[in-house]
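First comes the structure, then the notes that go with it.
The values are calculated or read from the model by the stated rules, or taken from the named source; none is laboratory data. Because the structure is a prediction, the values reported are computed rather than measured. Heads up, the Cβs are rebuilt from the backbone with ideal geometry, glycines too, and the neighbour counts pull from every protein chain shown. When the accessible area is computed, the model is the full protein with side chains, heavy atoms only, and any ligands, DNA or RNA have been set aside. Shrake-Rupley method; radii C 1.70, N 1.55, O 1.52, S 1.80 Å.
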Amino acid sequence: MSVELKRIAVLVSGGGTNLQALIDAKQRGELGPGIISLVIASKPDVYALERAKRHGIPSQVLPRKSYDSIAAYSKALADTLEAAEIDLVVLAGFLTIIDEQVYERFPNRILNVHPALIPSFCGKGYYGLHVHEAALAKGVKVSGATVHIVTPECDAGPIVLQKAVNVRQDDTPQTLQKRIMEEAEWKILPEAVRLFCENRLTVENNIVYIKEN
């Protein structure tokens, strides 16, 4: 049975390494019926926009500073996504705060990748290198990445996929960040997107169930 094409929007604020992982996965045929149809940046001149341009993906800049409140920005973002008939929203290093307007209009249709094994090292203040600094300070032996559905509470949405990565004794926040991206984030994010696009994810009581293929 064929599955209808799913239009994906990727939201970015920086270099776009996770966007590139999705682009590469699509080129390998690993996003199923998903197509990256829009990239939205929260500020101009980020390298992620160059990645989109290079691969012929339409992009748009929606600068946070152009709006006087989180609510106004969130409405503009949700309106833009709906106008583009987006089925799935992927936050790929998107560092701009949005409110419930977006979540309510795209329920269980927003994915985020977090560079730790939730519920460890997540929530307010845990982003970028801060996550890996905290993990190393705690002396954990295993870290990793989590793809979860986004809800209004930071990093608290239903977990879709997780992948563990061993922590080395000589790791720095930078080396751990790089290895988690390469060994976990860039693998499970495209996989989670594919599962969504193949209609294989269901959410019940804040738990994600994955249908067998």
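A full extension of the chain between I70 and A137 corresponds to an added length of 20.8 nm, given 0.36 nm per residue minus the alpha carbon distance.
For a quick check of your reading of the filter: which GluC sites (Glu not before Pro) in the range 1-68 sit in a DSSP loop and have no more than 11 other Cβ atoms within 10 Å?
Values: sites: E4, E30, E50; in loops: E4, E30.
Counting only loop positions with at most 11 other Cβ atoms within 10 Å, the GluC sites (Glu not before Pro) in the range 1-68 are E4.
Please identify every one of the GluC sites (Glu not before Pro) in the range 94-184 that sits in a loop by DSSP and has no more than 12 other beta carbons within 10 Å of its own beta carbon.
On the way: sites: E100, E104, E133, E153, E182, E183; in loops: E153.
Those that pass, being in a loop and sparsely packed, are E153.
Over all directions, the projected convex hull of the C-alpha atoms in the range 62-213 averages 9.6 nm² in area.
In the neighborhood of N206, defined by Cβ-to-Cβ distances under 15 Å, what is the net charge if each Lys or Arg adds +1 and each Asp or Glu adds -1? Cβ neighbours under 15 Å give a net charge of -3.
Would you mind telling me the antiparallel percentage of the DSSP bridges in the chain, rounded to 5?
Working: 15 of 32 bridges.
If I count the DSSP bridges inside the chain, around 45 percent turn out antiparallel.
How large is the direction-averaged shadow of the alpha-carbon convex hull of the range 1-141, in nm²?
On the way: hull surface 40.8 nm².
Seen from a random direction, the Cα hull of the range 1-141 projects 10.2 nm² on average.
Note on T172: accessible area is roughly 50 Å² with a 1.4 Å probe, heavy atoms of protein only. Using the Cβ-Cβ distance between E212 and E4 with R0 set to 22 Å, the FRET efficiency from 1/(1 + (r/R0)^6) comes to roughly 0.65.
The relative contact order of the chain comes to 21 percent, based on Cα pairs under 8 Å that sit 6 or more residues apart.
For a quick check of your reading of the filter: which trypsin sites (Lys or Arg not before Pro) in the range 126-197 sit in a DSSP loop and have no more than 14 other Cβ atoms within 10 Å?
Working: sites: K138, K141, K163, R168, K178, R179, K187, R194; in loops: K141, R168.
Of the trypsin sites (Lys or Arg not before Pro), the ones in loops of the range 126-197 whose Cβ has at most 14 other Cβ atoms within 10 Å are K141, R168.
Computed from backbone phi, the HN-Hα couplings of the range 185-200 come to 4, 6, 9, 7, 5, x, 5, 5, 4, 4, 4, 4, 5, 8, 6, 9 Hz, rounded to whole numbers (Karplus: 6.51 cos²θ - 1.76 cosθ + 1.60, θ = phi - 60°; Gly and Pro given as x).
Averaged per residue, what accessible area in Å² does the chain show with a 1.4 Å probe, protein chains only? Before the final figure, lay out the partial values.
Working: 10800 Å² over 213 residues.
With the other protein chains kept in place, the chain gives 51 Å² per residue.
The share of accessible area on the chain that comes from carbon and sulfur is 50 percent, using a 1.4 angstrom probe.
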